[in-house]
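Values in this text are rule-based calculations from the coordinates and carry no lab data. Since the model is a prediction, treat every value here as computed from it, not as a measurement. Please note: Cβ atoms are built from the backbone with ideal geometry, for glycine as well, and neighbour counts cover all protein chains shown.
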Amino acid sequence: MKKKLGVIGGMGPEATNYFFEQLIAHTKAGSDQEHIDTVIISHATMPDRTKAIMSGKDKELIKALAADARLLEGALVSNIAIPCNTSHYFYDAVQAQTSVPIIHMARECVKYALEHYEDVKRIGIMGTDGTVNAGVYRKECEALGAEPVIPSEKRQKDVMSLIYDDVKSGKKANVNKFYRAFEELIANGCDVIILACTELSVFKRDHELPEICLDAMDVLIREAILRSGAEYK
C-alpha cells in the first residue's frame, strides 16, 4: 500500500520543482493512480538557511519549518522530505515538533555513498557555507567512518557564487566555478564528491558531471519513493 509523501520545499523553488519532476520520473508507474500522493509546500519566503546558521538567529526559521511539518502532519502524510541540504542543520529541532518521520537527506546520502561506491575513505562536500561550516555532512561522515573533505576558502567562494550568483539568480551557470572546486577535491584524494546543495542538483541537471559526483537530491528522491511504498526505477 502506498503512503502519502509530504514535502517542505521552496528552498529554492526551482530545486523543489526539480525534486518533484524527478520523483515522478523515477517512480515506476503505469497510470496516474500508481504514482505517489504528494503534498508540497513551496515556502519560498522561508528565511535564508545559511544566514540563520552563520548569524545564530534561527528562531524564525525553525518556527517556520516546524509549522510546515505540522501542516503536513495534518494532511496525514507518512514521511516528509525537505529538498534543501542546509536546512538539515535544524533537523533535530524540527523533527521534535512532529511525529511524522523526516527523511534525513545528509545521513541517507553518506550511507548511500559508502554502500554504492567502492572503498570510500574520503568524501568531498560541495555545498553552501551554512552546510559546510555547520558540519551537516561532516557529522554524518564521521559517524559512518568516512573522512569529510571541504574546499579551500577560495574554492568555497566559487561554490557559493555558483549557487547564489548563478543558479538562485536564474543566470547561466559558470561551469569553471564548479570544476575549480571539483578538481581541488579530487587532488585532495576524495573517492566520491557529494553535491550537497539542491542548486547544485539543478546545475547537474543541465551539465553532464563525472560519475564520482553523487547528488544528494537523487538519494533523497530514491528514499522518498521507497518509503512511500513505490518502486524506484
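Descriptive notes on the structure:
- The charge dipole of region 106-215, taken about the Cα centre with unit charges on the Cβ atoms of Lys, Arg (+1) and Asp, Glu (-1), comes to about 400 debye, rounded to the nearest 20.
- Once the C-beta distance of residue 171 and residue 31 is scaled by a Förster radius of 41 Å, the resulting FRET efficiency is 0.60 to the nearest 0.05.
- Under 5 Å, built H, 5+ apart or other chain: amide partners of residue 4: 78
- Full extension of the chain between residue 233 and residue 143 yields a length gain of 29.5 nm, computed as 0.36 nm times the residue separation minus the alpha carbon distance.
- Across 107, 138, 205, mean-square fluctuation computed from a Gaussian network of the chain (C-alpha pairs under 10 Å connected) peaks at 205.
- Relative contact order (%) - criterion: Cα under 8 Å, at least six apart; region: region 97-196: 36 percent
- Taken one residue at a time, the phi angles of region 45-51 give Karplus couplings (6.51, -1.76, 1.60, θ = phi - 60°) of 8, 4, x, 4, 5, 5, 4 Hz. Gly and Pro are set to x.
- Dipole check for the chain: with +1 at the C-beta of Lys and Arg, -1 at the C-beta of Asp and Glu, and the Cα centre as origin, the magnitude is about 520 Debye.
- The trypsin sites (Lys or Arg not before Pro) of region 34-104 meeting both criteria, a DSSP state outside H, G, I, E and B (loop) and at most 11 other C-beta atoms within 10 angstrom of the site's C-beta, are 57.
- When 197, 141, 213, 84 are sorted by how many other C-beta atoms sit within 10 angstrom of their C-beta, beginning with the fewest, the order is 213, 141, 84, 197.
- Spin-label model distance (nm) - residue 71 vs residue 179, 7 Å beyond Cα toward Cβ: 4.2 nm
- FRET efficiency estimate (nearest 0.05) - Cβ-Cβ, residue 152 to residue 99, R0 41 angstrom: 0.45
- The phi torsions of region 161-166, fed into the Karplus equation with coefficients 6.51, -1.76 and 1.60 and a -60° offset, translate into couplings of 5, 4, 5, 8, 6, 9 Hz, rounded to whole numbers, with Gly and Pro shown as x.
- Ranked 20, 182, criterion: other C-beta atoms within 10 Å, fewest first: 20, 182
- Computed label-point distance, nm, for sites residue 78 and residue 212 using a 7 Å Cα→Cβ extension: 3.9 nm
- If R0 is taken as 30 Å, the Cβ-Cβ distance between residue 188 and residue 115 corresponds to a FRET efficiency of 0.85.
- Once both labels are positioned 7 Å from their Cα atoms along Cα-to-Cβ, the gap between residue 55 and residue 21 label points is 3.2 nm.
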